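Just below is one structure, and these are the notes that go with it.
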Amino acid sequence: MAEPLPIKGVRDGLLITLPPGMWGDLRASLLATIDDRGDFFRGARLALQVEDRALGAADLGGLREDLARREATLYAVLSTSPLTLAAAANLGLQTNLQRPGVPSQPAEEEEEAVDEEVPAEAALLLQHTLRSGQVLRHPGHVIVLGDVNPGAEIIAGGNILVWGHLRGVVHAGAGGDESARVCALDLAPTQLRIAGRIAVSPKRRGNVRPEIAFLREGQLVAQPWDEERRHA
Amino acid sequence: MAARVVTVTSGKGGVGKTTATANIGVALAAAGQRVVCIDADIGLRNLDVVMGLENRIVYDLVDVVEGRCKLRQAMIKDKRLPDLHLIPAAQTRDKTAVSPKDMVRLADEIRPDFDWVVIDSPAGIERGFRNAIAPADLVLIVTNPEVSAVRDADRIIGLVEAEEKGPPQLIINRVKAEMVRRGDMLSTQDVLEVLAIQLIGVIPEDEQVLVSSNQGMPAALEPKSRAGKAFRDIARRLNGEEVPFDDLEARDGFFGRLTRLVRPGGAS
C-alpha cells in the first residue's frame, strides 16, 4: 500500500485530503485503507479534499456507492475544480465543511473544524441555472445569475438573490438569521423558508415583478422591490 | 470518418426514447448512412420489438461484453434497409451486467465501420443511464410537454452537463397542437423556458406510432405519418441540415397568419 492518506477529524466527520497522484490509484488506496481499518470507518462520515482534480458525477457517485458498501458515508467533496463542484452539487454533496443549519460558534471551538478559506459571510456567485435535483449549500449569501428550476434547492446561511426565475426550494438564514431575505426577478418558489419559517407561494396575480421576501414580526411576507421607495 | 455516438435518454420512463431511437436509426439508414442501434435497457429490452427484429436475436449486448461472441455476431442486420443493425439488450440479466467502461470499449470497436451509433438509454439516473451515456458524443433528451416529464428532463440535463458530454439537445415528443392552443398542454416555448437547451425535434402525437410499434415497422418508414416526418427531420438536422420546424400550433386562416406574424420566434 502507498503512503497512508492524511485523515483529520472535523466537526461533522473525517476529512481525507488526497495527496498528489492519479485519481485511480488514490481511489483504490482510499478503499484499501478503509478495508484495512474496518471498525474505525464503520458508520463514519467522510469529507474528501480532491484539490484541482476534475471529477464527474459518475466518479463521485461511484465512489459514494463504494463507500456506502463499506458502511461509510461520503457527505462532502472539497475541490477547486468547477466540474467537481458541479458534480458534487448534483449528487447533493456538500462542497464545504460548514453546516449552514448550525449557528456560528465562538472562534476557539472551530480552529480545526472550519474551512479557513471561506469566511462565514462571504457570498457565493453561481453563474448558471440550478437544475432539478441540484442542491447548493453555503454558509454565507448566495447569488444566482440564472434560474432555480423546480426540484432544485438552495440552503444558505445568509440572503439568497436570484437574477432569474426562482421556482425551486430556498432556505435563507438557514443558521437561524431572521433578518435574511430572498430576492428574485420572478419569485415563485415551490417552498420558501427564512430561518425557522416556511411558506408556499400564493397564486400569482398580474405581471411578473421583482420581489423581496423577508420576515416581518414572525410572518413571511413578499413585496415588490420598489415598495419601500414608493412609501418612503 | 468514424461514427458519431448518439445516446437517447430522458429520465422519465415512457416518454418515447425507444421510439425515438428506432425512428432516428431508421431515418439515418434510409438516407444511406451506416447505422448501429444499441439497446442499453438490460433486463427490460424493447428496442428489438419496436424495430421488428425480435425473432432474430441469437446473441445480445451482454454476450458481447462477457466475451461469449464476437461483436458482429450480435449485430442483427435489418433486411429492409441497406445498412441498419441492432445490438439487442439481454432480457435475463440487469443493468449491473455491463459497466460504463464496457460501453465505451464497445462503441470504440464499432466506430471505424459505421456513420452513426444510436443508443437507447433506460429510464432513471442510475447505472443503466450511466452505461448509456458513457460512450456518447451527443446526448438527446426526450421529453413530453408535461410537467413531470419536464422536471425529470431538467434533472437529466443537469447530470449530462456535469459529465461534460457537451450540450444535450431536446426532442419534445407527443405534442397535441389542439391542446396547446386551448392552453391545456405546455407549449414548446414553455418547455424551452425551463430546459433552455437546443431543440432538435418536435414530434406530434400520432396514432401511427402505436400501430407501427405493434407491427415492428417504425413510423419513419411511413411517408404519410406526421411523426415519421418529424423523426426524418431530426435525422436531417443531425447531418447538419437546417430544417425549419413545422408549425404544429398553426392556426389556419387570416387570424392564424396574423398571430404568427406578431408572435416572436416560434419553435426554431
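The values are calculated or read from the model by the stated rules, or taken from the named source; none is laboratory data. Because the structure is a prediction, the values reported are computed rather than measured. Please note: Cβ atoms are built from the backbone with ideal geometry, for glycine as well, and neighbour counts cover all protein chains shown.
I want to confirm something. Restricting to the stretch B:171-219 and keeping residues that are small (Gly, Ala, Ser) and within 27 Å of B:Asn131 (Cα to Cα), which single residue is nearest to the other protein chains (Cβ to nearest Cβ)?
B:Ala196
Name the pairs: first residue in the stretch B:115-134 and more than 17 Å from B:Asp48 (Cα to Cα) and free of Cβ contacts under 8 Å to residues at least 60 places away in the same chain, second residue in a loop (DSSP other than H, G, I, E, B) and polar (S, T, N, Q), Cβ to Cβ under 9 Å, at least 6 apart or on different chains?
Within 9 Å, the pairs are B:Arg127/B:Ser99; B:Arg130/B:Ser99; B:Ala134/B:Ser99.
Restricting attention to the stretch A:202-223, report how many residues are under 15 Å from A:Ala180 (Cα atoms) and either in contact with an Asp or Glu (Cβ under 9 Å, 6 or more places away or on another chain) or not in a loop (DSSP other than H, G, I, E, B) (or both). Break it down stepwise before answering.
Applying the first criterion (under 15 Å from A:Ala180 (Cα atoms)) to the stretch A:202-223 yields A:211-223.
Now restrict to residues that are either in contact with an Asp or Glu (Cβ under 9 Å, 6 or more places away or on another chain) or not in a loop (DSSP other than H, G, I, E, B) (or both): A:211-216, A:218-223.
Number of matching residues: 12.
Can you tell me which residue among A:Arg197, A:Arg216, A:Arg137, A:Arg131 is in contact (Cβ under 8 Å) with a residue 12 or more places away in the chain and over 18 Å from A:Thr95 (Cβ atoms)?
Only one candidate passes the filter, namely A:Arg197.
With (1) modelled with pLDDT of 80 or more; (2) exposed (fewer than 15 other Cβ atoms within 10 Å of the Cβ) as the list, and A:Ile7 as the residue in question, which single condition is left unmet?
Answer for A:Ile7: the failing condition is (2).
Quick test of your reading of the structure: B:Leu159 fulfils all but one of (1) crowded, with 24+ Cβ neighbours inside 10 Å; (2) modelled with pLDDT of 95 or more; (3) under 30 Å from A:Leu130 (Cβ atoms). Name the failing condition by number.
Checking B:Leu159 against (1) crowded, with 24+ Cβ neighbours inside 10 Å; (2) modelled with pLDDT of 95 or more; (3) under 30 Å from A:Leu130 (Cβ atoms), the one that fails is (2).
Mind checking which residues of the stretch A:29-54 are of a type in the set (Gly, Ala, Ser) and either under 12 Å from A:Thr17 (Cα atoms) or outside the structural domain of A:Leu85 (by TED's automatic domain parsing) (or both)?
Of everything in the stretch A:29-54, just one residue is of a type in the set (Gly, Ala, Ser) and either under 12 Å from A:Thr17 (Cα atoms) or outside the structural domain of A:Leu85 (by TED's automatic domain parsing) (or both), namely A:Ala47.
I'd like to check something: does the stretch B:122-130 contain any residue that is away from chain A (no Cβ under 14 Å) and touching an Asp or Glu at 6+ places or on another chain (Cβ under 9 Å)? Spell out how you get there, then give the answer.
Start the filter on the stretch B:122-130 by keeping residues that are away from chain A (no Cβ under 14 Å), which leaves B:122-123.
Still in the running and touching an Asp or Glu at 6+ places or on another chain (Cβ under 9 Å): B:122-123.
Scanning the stretch B:122-130 turns up at least one residue that is away from chain A (no Cβ under 14 Å) and touching an Asp or Glu at 6+ places or on another chain (Cβ under 9 Å).
Filter the stretch B:94-107 for residues that are more than 18 Å from B:Val6 (Cα to Cα) and surrounded by fewer than 17 Cβ atoms within 10 Å (Cβ to Cβ) and give the result.
B:Asp94, B:Thr96
How many of the residues making up the stretch B:17-32 are in a loop (DSSP other than H, G, I, E, B) and either crowded, with 24+ Cβ neighbours inside 10 Å or in contact with a Pro (Cβ under 9 Å, 6 or more places away or on another chain) (or both)? Don't jump to the end; show me each part of the working.
Taking the stretch B:17-32 and keeping what is in a loop (DSSP other than H, G, I, E, B), we get B:31-32.
Applying the additional criterion that residues be either crowded, with 24+ Cβ neighbours inside 10 Å or in contact with a Pro (Cβ under 9 Å, 6 or more places away or on another chain) (or both) yields B:32.
Total meeting the criteria: 1.
Quick one: A:Gly133 ticks every box in (1) part of a strand (DSSP E or B); (2) within 14 Å of chain B (Cβ to nearest Cβ) bar one, so which box is it?
A:Gly133 satisfies every listed condition except (1).
Applying the selection to the stretch B:141-170, what residues are touching a helix residue (DSSP H, G or I) at 6+ places or on another chain (Cβ under 7 Å) and either more than 8 Å from every other protein chain (Cβ to nearest Cβ) or of a type in the set (Lys, Arg) (or both)?
B:Ile141, B:Val142, B:Thr143, B:Pro145, B:Val150, B:Ala153, B:Val160, B:Lys165, B:Pro168, B:Leu170 - these are the residues of the stretch B:141-170 that are touching a helix residue (DSSP H, G or I) at 6+ places or on another chain (Cβ under 7 Å) and either more than 8 Å from every other protein chain (Cβ to nearest Cβ) or of a type in the set (Lys, Arg) (or both).
What number of residues within the stretch B:191-245 satisfy the criterion of being loosely packed, with under 15 Cβ neighbours inside 10 Å and either in contact with a strand residue (DSSP E or B) (Cβ under 6 Å, 6 or more places away or on another chain) or of a type in the set (Asp, Glu) (or both)?
So the count comes out to 5.
Yes/no matrix, rows are residues, columns are (1) assigned by TED's automatic domain parsing to the domain that holds A:Asn90; (2) part of a strand (DSSP E or B); (3) closer than 18 Å to B:Arg155 by Cα; (4) modelled with pLDDT of 95 or more:
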residue: A:Gly140; (1), (2), (3), (4): no, no, no, no
residue: A:Gly146; (1), (2), (3), (4): no, no, yes, yes
residue: A:Gly151; (1), (2), (3), (4): no, no, yes, no
residue: A:Ile155; (1), (2), (3), (4): no, yes, no, no
residue: A:Gly158; (1), (2), (3), (4): no, no, no, no
residue: A:Leu161; (1), (2), (3), (4): no, yes, no, yes
residue: A:Ala174; (1), (2), (3), (4): no, no, no, no
residue: A:Asp177; (1), (2), (3), (4): no, no, no, no
residue: A:Leu185; (1), (2), (3), (4): no, yes, no, yes
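Please work out which residue is modelled with the highest pLDDT, limiting yourself to the stretch A:87-130 and to residues that are part of a strand (DSSP E or B) and surrounded by 13 or more Cβ atoms within 10 Å (Cβ to Cβ).
A:Leu130
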